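K.L.:
Let me give you the structure first, and then I'll get to my questions.
All of the numbers you see were taken from the coordinates with simple rules; none came from a lab. Worth saying up front: this structure is predicted, and the values here are computed from it rather than measured. Note that each Cβ is placed from the backbone with ideal geometry, even for glycine, and that neighbours are counted across all protein chains shown.
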């Protein structure tokens, strides 16, 4: 599939669901690959509106704005993104945004530690992945049988944990979800995290699940064995798949 077909693919997804932050992220990546930097920046920023903690989107939006000669706007976006990355422990995007801010002649912000989140009260919905009681998602997280399965089996608390970890995986492994092989990595990590087996996936969809390259699968397995604590890798996680 060439880059224009990828762009059209993600545009069609967004026509039916413009609240899909990952589709915006993927569309932005495709625009970026085709040299359409202004459109890439706009799509990355739309992603940050929908998912304000996705530090990689701020980083790439800032780079696209710089490439389209919008340096003042780039400084603002990178400053916000740097703060978010630092508070979340997203080391690679934080470092990249700090370097670009310095290149643009802007101050790198001093960032205080994030306050711990307040725990959510337990609900009456039992999560199949964690075994804990929580609350049900308000709706399937995306269209199709897999989204329906998540809605019926995975609590909001567990899926929120996945969104946070999935964002970090994208950031630290430098995934570009406009590429099929990188999308397979993200999907594999999600299935492993929520306990969606390959057999269940086949039963739901009638298809085999996409599988990442072995080095990516091994890296994801290692991350999950460490309960998603990517900070222990000190920003070097990507080196295992380069």
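K.L.:
Spin-label point model (7 Å from Cα, Cβ direction): what's the residue 69 to residue 3 distance in nm?
P.N.:
Computed distance between label sites residue 69 and residue 3 equals 2.0 nm.
K.L.:
Can you classify segment 26-166 as rounded, prolate or oblate using the Cα gyration tensor, where a ≥ b ≥ c are the square roots of its eigenvalues, rounded means a/c under 1.5, and otherwise it's prolate if a/b beats b/c and oblate if not?
P.N.:
Since a/c reaches 1.5 but b/c is at least a/b, the shape of segment 26-166 is classed as oblate.
K.L.:
Continuing with this model, one more query. Taking every pair of Cα atoms in segment 124-165, average 1/r, invert it to obtain the Kirkwood radius, and report Rg/Rh to two decimals.
P.N.:
0.94
K.L.:
A follow-up question, please. Suppose R0 equals 30 Å. What FRET efficiency, 1/(1 + (r/R0)^6) with r the Cβ-Cβ distance, do residue 225 and residue 111 give to the nearest 0.05?
P.N.:
Efficiency at R0 = 30 Å is approximately 0.55.
K.L.:
On a full-extension model of 0.36 nm per residue, what is the gain between residue 50 and residue 179, subtracting their alpha-carbon distance, rounded to one decimal in nm?
P.N.:
Contour length minus the Cα-Cα distance gives 44.3 nm.
K.L.:
Please compute, for the alpha-carbon atoms of segment 125-240, the extent along each of the three principal axes and give them in descending order in Å.
P.N.:
38, 30, 22
K.L.:
Averaged over all directions, how much area does the convex hull of the C-alpha atoms of the chain cover when projected, in nm²?
P.N.:
13.5
K.L.:
If you don't mind, there's one more thing I want to ask. Answer rounded, prolate or oblate for segment 37-100, using the Cα gyration tensor with square roots of eigenvalues a ≥ b ≥ c: rounded when a/c is under 1.5, else prolate when a/b is larger than b/c, else oblate.
P.N.:
Judged from the Cα gyration tensor, segment 37-100 comes out oblate (a/c at least 1.5, b/c at or above a/b).
K.L.:
A further question on this structure: Using packing as a proxy for protection, rank 130-143, 14-27, 189-202 so that the peptide with the highest average count of other Cβ atoms within 10 Å comes first.
P.N.:
14-27, 189-202, 130-143
K.L.:
Give me 75, 56 ranked fewest to most by other Cβ atoms within 10 Å of their Cβ, as a rough exposure proxy.
P.N.:
Listing 75, 56 from fewest to most nearby Cβ atoms yields 75, 56.
K.L.:
So what is the 222 nm mean residue ellipticity for the chain from helices alone, if each DSSP H run of at least 4 adds -39500 (n - 2.57) and you divide by all residues, rounding to the nearest 500 deg cm²/dmol?
P.N.:
It lands at -19500 deg cm²/dmol.
K.L.:
May I pose another question? Can you give the FRET efficiency for residue 16 and residue 76, using 1/(1 + (r/R0)^6), R0 = 35 Å, r = Cβ-Cβ distance, to the nearest 0.05?
P.N.:
Once the sixth-power term is evaluated, E becomes 0.65.
K.L.:
Here's something else I'd like to know. When 127, 47 are ordered from fewest to most other Cβ atoms inside 10 Å of their Cβ, what list results?
P.N.:
Fewest to most other Cβ atoms nearby, the residues stand as 127, 47.
K.L.:
Relative to the longest principal axis of the chain, what angle (0 to 90°, nearest 10) does the C-alpha long axis of helix 214-225 take?
P.N.:
That works out to roughly 70 degrees.
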